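Some notes on the structure that comes next.
The values are calculated or read from the model by the stated rules, or taken from the named source; none is laboratory data. Bear in mind that the values here come from a model prediction, so they are computed numbers and not experimental data. Every residue, glycine among them, receives a Cβ derived from its backbone with ideal geometry; neighbour counts consider all protein chains shown. The area values use the complete protein model at the heavy-atom level, side chains included, leaving out ligands, DNA and RNA. Shrake-Rupley method; radii C 1.70, N 1.55, O 1.52, S 1.80 Å.
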Amino acid sequence: MLTCDVIMLQAKKGKKGPGEKGKGAGKGAGRMNGHHQENGMENVMLFEVVRLGKSAMQSVVDDWIESYKHDRDVALLDLINFFIQCSGCKGVVTGEMFRNMQNSEIIRKMTEEFDEDSGDYPLTMAGPQWKKFKSSFCEFIGVLVRQCQYSIIYDEYMMDTVISLLTGLSDSQVRAFRHTSTLAAMKLMTALVNVALNLSINMDNTQRQYEAERNKMIGKRANDRLELLLQKRKELQENQDEIENMMNAIFKGVFVHRYRDAIAEIRAICIEEIGVWMKMYSDAFLNDSYLKYVGWTMHDKQGEVRLKCLTALQGLYHNRELNAKLELFTSRFKDRIVSMTLDKEYDVAVQAIKLLTLVLHSSDEVLTAEDCESVYHLVYSAHRPVAVAAGEFLFKKLFSHRDPEDDSMPKRRGRQSVNANLIKTAVFFFLESELHEHAAYLVDSMWDCAAEILKDWECMISLLLDEPLPGEEALTDRQETALIEIMLCTIRQAAECHPPVGRGTGKRVRPDATRIGQPLKTDPWFHTLPVYSVDAEKVTNLLQLPQFFDLEIYTTGRLEKHLDSLLRQIREIVEKHTDTDVLEACSKTYHALCNEEFTIFNRVDIARSQLLDEQVDKFNRLLEDFLQEGEDPDEDDAYQVLSTLKRITAFHNAHDLSKWDLFTSNYKLLNTGIENGDMPEQIVIHALQCTHYVILWSLAKVSEGTSKKEDMLTLRKQMRAFCLMCQRYLTSVNTAVKEQAFTILCDLLLIFSHQIISGGREALEPLVYTPEASLQSDLLNFILDHVFIDQDEDSNNGQQDDEASKIEALHKRRNLLAAYCKLIIYNVVEMNTGADIFKQYMRYYNDYGDIIKETMSKTRQIDKIQCAKTLILSLQQLFNEMLSDLGPSFDRSSSAFCGIKELARRFSLTFGLDQLKTREAIAMLHKDGIEFAFKEPNPQGEGHPPLNLAFLDILSEFSSKLMRQDKRTVHMYLERFMTFQMALQREDCWLPLISYRNSLQAGGDDDTMSVVSGISSRGSSVRSKKAKPATGKRKLPEEESSSSSTEVWMNREQSMQTPIMMPSPHLTSTIMREPKRLRPEESYMGVYTMTPDQQQQHTHPQTPQPQHHQTPLDYKQQQERAMNYAKLRSNLQHAIRRGTGLMEDDEEPIVEDVMMSSEGRIEDLNEGMDFDTMDIDLPPSKNRRERSELKPDFFDPASIMDESVLGVPMF
């Protein structure tokens, strides 16, 4: 700062004549005395013009230059105030301040003029009027330097003053000053770099002219011209030195400090501009002295700064002439750039890959094989921009190299085309990546850059059909399979025009996406079917191709012979294969061809009917022989029946086969399997599936409204009979058969539930089917026996030791559980059956936690009370199981009991913090829990606790979810089940009752106490000390009622026979935070029904008669009555002393409502909450307090060199 001030003083004193100085001072004095009027108005005009951005910036700058030539002090003062106002400061630098104060003093004075109420400033303000401010501001600085580059910037006054001011502001503690001045200084530097570049070019031209003139013969040499050229070169050199001094001052005074500023935006500005300097004037700036700043900042912890580094480097690597100057930098920071391809910010990762593509384009030797492989696998990324960038890198590395001879030779087609080797390269890469099921993602990644290669289907078909050329290796079986899969993915991509599943943020689906006709026109693709008809995997992919073709070309192109050949080949494949995938592919192909909109429909329909007629007749004939009584079916007959049934089932999935009446034959087959018990597993599974399709197709026909009434009755009869058949198969010995029957049952019960009549389909009401209790029980038992099992139990003879098999088995069990949970959610089965599911939440959290949690959330949305009853029922079931295992005298510190209590805590967290929404449900939950706790009396007598009393310890986990007035109601209901002796017990076995009562009394009787945490009471006491005394204020009605009700409560206590059993009073002094204050009679007393005698006892307590003789028991009662009276009296006196402090404390939230009632991790607070959290973003610079606390240099060591960026995986 001192150096900058000296420069400014020297600029004011140096190289200005006495007359000129006096002239300027004289004219400026009159104006500066009225700076708040004239000068301030001119300054505002300059700021407003730049802010609005409506005037041409050139004319604005020209006007200022004219003003500067007229009186440079006044004009410069206007420019200084312009920078001050662009920072959002309301202060104005006066002429007196400009003449007599140092820069640091001026900046300190302007800091005091800042607006304390807002931290916004023009560069951060939102709204249309500030939208273009930054661009206009930067444009003004650029135009100012450009217009002054020939004279004014060399006067050693204007630039020195501006640079000194901006340097001082950039070191300010105020973010607005620092941000605005840094941007101005960097743009000023960029403009000066452009001036320096022009001077360098002019110097080179002058030197060239001088050399040419001097090399002439003496007689032809013009000495005057040489003198002029020497003089011009000298002037240019002086100007160049002046510009370099200015640039050095800005770089060392601003950039070196601000590129590591604590604010990411400021750091990003510096890095962005240094990239411009190196690209614009590479001779001066493109060296290691400047590149090191970009390399260091690539470790910045903020993504936007790292992004600016990469974009700056892209501009350098794009120019291949600069590669020689970047060699050292590349070798030093290449590993960092490669690692940034896995950056946690997707935008940074994309730009890092693009930068590596430019590096690869400049030189193939820079990146090693390991570097390239780290980018290759990103073509399978779920984030499409990353995958596309990686696809471009892959294309540049492997597919962009062509021999020059190929371009000169005539274009060839098929296997001899240029693309043949490139397609084989894609196949090799796909196989080596070992992600064979992700061909669609590879194709999508390369679609934008290699579409010409990927659309060369003629070459692909030629590679599959034609013989290899001499000296060419033929494709292996794996390579042919990969090529067919890639061809299928490219045709699908071209037809559907959208990325695969998981990359939905990419291209949009084009509505004009046309079907593909090229493979049909060029080389009939179906010629590949007979070649690969034996291979199930290859033929499955080939059969999917017609789904994406323009099938009208069979008619318009007169290709009927090709269609007949295709249908004949598909028929042969159906008769030859029994693989389910192949048969389903054939079925889908027929479905695509059998479109009534196509003219080929009749031809295809006839072929389909002939095929199905033969298959159904064959099935009925084989089935009749197979089911003959007295004969044991052999394996050949079973295989024939199974093969035919597979073909019929596959076609029934996509085609309506109702006219063949498959229900009778399949039902007969299933019934025989139940009776005999020796039916092969696969036959039963496919018979169940085929019958399921029969029911669905019949329902589709009935839903259209064109069927007869008899059809609906037949469907109703068939559906119910089939459900009973599936229920019988739930008890089968074979697991696969039971799983198939269970899945079909869940689907049918959901389809034929009461929701079938929704949407105006009341005519289908006879089809509604409600499962009986036995069926619901069988479904639940299946889930408990086949889903909630350990991984080891599910292994079949050691066949599932493979990790992939275990994952597949887990996926199957998750589907089974999800199918049953849907029955609960849609109210097909009773909601209380979910108790057996919910109680497994903790034990199987890793496998099914998300499914169970979503089920709880959906059931709560349907019926909050019934959901709460189901949750408490699940806890009761676990408690009973624990009692049966450990006995009634179990240890409450055992793992089983602690596990139930932890589950209760998790359930409690799912209710969220909005007590009004869950008020009635929580009350019902406590009611059922209290009844369960006192349900089983102890056989040893009344002096011993009930067998389930420990359940109250579990129930206390839900006490924090009760509202304060409801806690009193629950406490009254609890006292109904308590005897006089129970209230006096203090042994360990009675601790659950004591702790539960305390959890109900905490926050209910005393509004300022919390049983969970003392933080609330401490905070309340501090606030009450600060509260003003109540004297001199009008007493609020709530306070009066509080005093009166408390007195009634105390009098009632003295009149009660049993102080401990007294009903909790309804305090009316509590100010709730809800919109409407609830009265005592509005509490949920309806949940807790009481007899009239009990109500009378609580409403009109009997006054005890005076007794002169006291028994020991009466003496104990009197002691406890006295203790309670003293406690209540002290609380009342404390409340009176606080005055209005009670009102303020009541307005605070209850700590126990949000704190956990048992130990646990803090992150569990967020589990299952049904509310959104709000992020509070503080303004950039709020007030002076921030400015006083910040360090002068604002260096944030944690902002750079942070390797933790790489610790977060991108996928």
With a 1.4 Å probe and every protein chain left in place, tell me how much accessible area residue 331 has, in Å² to the nearest 10. 80 Å²
Quick one: compute the contact order of the stretch 191-343, relative version, from alpha carbon pairs under 8 angstrom and 6+ residues apart, as a percent. 20 percent
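Could you tell me which of rounded, prolate or oblate describes the stretch 950-989, using a ≥ b ≥ c as the square roots of the eigenvalues of the alpha-carbon gyration tensor, with rounded for a/c under 1.5 and, failing that, prolate when a/b is larger than b/c and oblate otherwise?
Working: a/c = 2.75, a/b = 1.43, b/c = 1.93.
Judged from the Cα gyration tensor, the stretch 950-989 comes out oblate (a/c at least 1.5, b/c at or above a/b).
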Quick check: at a probe of 1.4 Å, how many percent of the accessible area of the stretch 617-742 sits on carbon and sulfur atoms? 46 percent
Where the accessible area of the stretch 762-878 is counted over protein heavy atoms with a 1.4 Å probe, how much of it, in %, is carbon and sulfur? 43 percent
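Please get the size of the charge dipole for the stretch 534-678, origin at its Cα centre, with Cβ charges of +1 on Lys and Arg and -1 on Asp and Glu, quoted in debye to the nearest 20. Walk me through the numbers before you get to the answer.
Values: 15 positive and 30 negative charges, 174 e Å.
My answer is approximately 840 debye.
Quote the charge dipole size of the stretch 304-353 about the Cα centre in Debye, to the nearest 20; the model charges only the Cβ of Lys and Arg (+1) and of Asp and Glu (-1). Intermediate results must be reported in sequence, preceding the final value.
On the way: 8 positive and 7 negative charges, 32 e Å.
In total the dipole reaches around 160 debye.
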Take the residue pairs 806/853; 822/864; 618/659; 738/812; 576/812; 806/901 and return only those whose Cα atoms are more than 21 Å apart. 806/853; 576/812; 806/901
Could you please state how large a percent of the accessible area of the stretch 79-196 is carbon and sulfur, counting protein chains only and using a 1.4 Å probe? 47 percent
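Counting alpha carbon pairs within less than 8 Å and at least 6 residues apart, what relative contact order, in whole percent, applies to the stretch 427-502? Write down the numbers at each step before the final one.
Values: 41 pairs, mean separation 38.6, N = 76.
Rounded, it is 51 percent for the stretch 427-502.
Rank by packing, highest mean first: peptides 652-659, 979-986, with packing defined as the count of other Cβ atoms within 10 Å averaged across residues.
Details: 652-659: 16.6, 979-986: 13.4.
For the peptides 652-659, 979-986, the packing ranking is 652-659, 979-986.
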Long pairs among 279/354; 858/967; 869/961; 301/397; 90/132; 187/334, criterion Cα-Cα beyond 25 Å: 858/967; 301/397; 187/334
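Enter the accessible area per residue of the stretch 883-1007 (Å², integer; probe 1.4 Å; all protein chains in place).
Numbers: 4590 Å² over 125 residues.
It amounts to 37 Å² per residue over the stretch 883-1007.
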Over the stretch 154-298, with the other protein chains present, what is the accessible area per residue in square angstrom, probe 1.4 angstrom? 40 Å²
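Restricting to DSSP loop positions (anything but H, G, I, E, B) with no more than 13 other Cβ atoms inside 10 Å of their own Cβ, which GluC sites (Glu not before Pro) remain in the stretch 106-145? All intermediate terms of the calculation are to be shown ahead of the outcome.
On the way: sites: 112, 113, 116, 139; in loops: 113, 116.
Answer by residue number: 113, 116.
Multiply the residue separation of residue 806 and residue 940 by 0.36 nm, subtract the distance between their alpha-carbon atoms, and state the gained length in nm to one decimal. Let's see the in-between values first.
On the way: separation 134, 0.36 × 134 = 48.24 nm, distance 5.07 nm.
Separation in residues times 0.36 nm, less the Cα-Cα distance, equals 43.2 nm.
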Here the relative contact order (percent) of the stretch 268-361, from C-alpha pairs under 8 Å and at least 6 apart, is 30 percent
To the nearest 10 square angstrom, how much accessible area does residue 608 have with a 1.4 angstrom probe? 50 Å²
Could you rank 216, 961 by how accessible they are, 1.4 Å probe, largest area first? 216, 961
A student applying the Cα gyration tensor rule (rounded when a/c is under 1.5; otherwise prolate if a/b is larger than b/c, oblate if not) would label the stretch 690-762 prolate
In nm, to one decimal, how far is the residue 845 label point from the residue 861 one, both placed 7 Å along Cα→Cβ? 2.4 nm
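Counting only heavy atoms of protein chains, what accessible area per residue, in Å², does the stretch 568-675 have with a probe of 1.4 Å?
Details: 5530 Å² over 108 residues.
Heavy-atom SASA per residue in the stretch 568-675 reads 51 Å².
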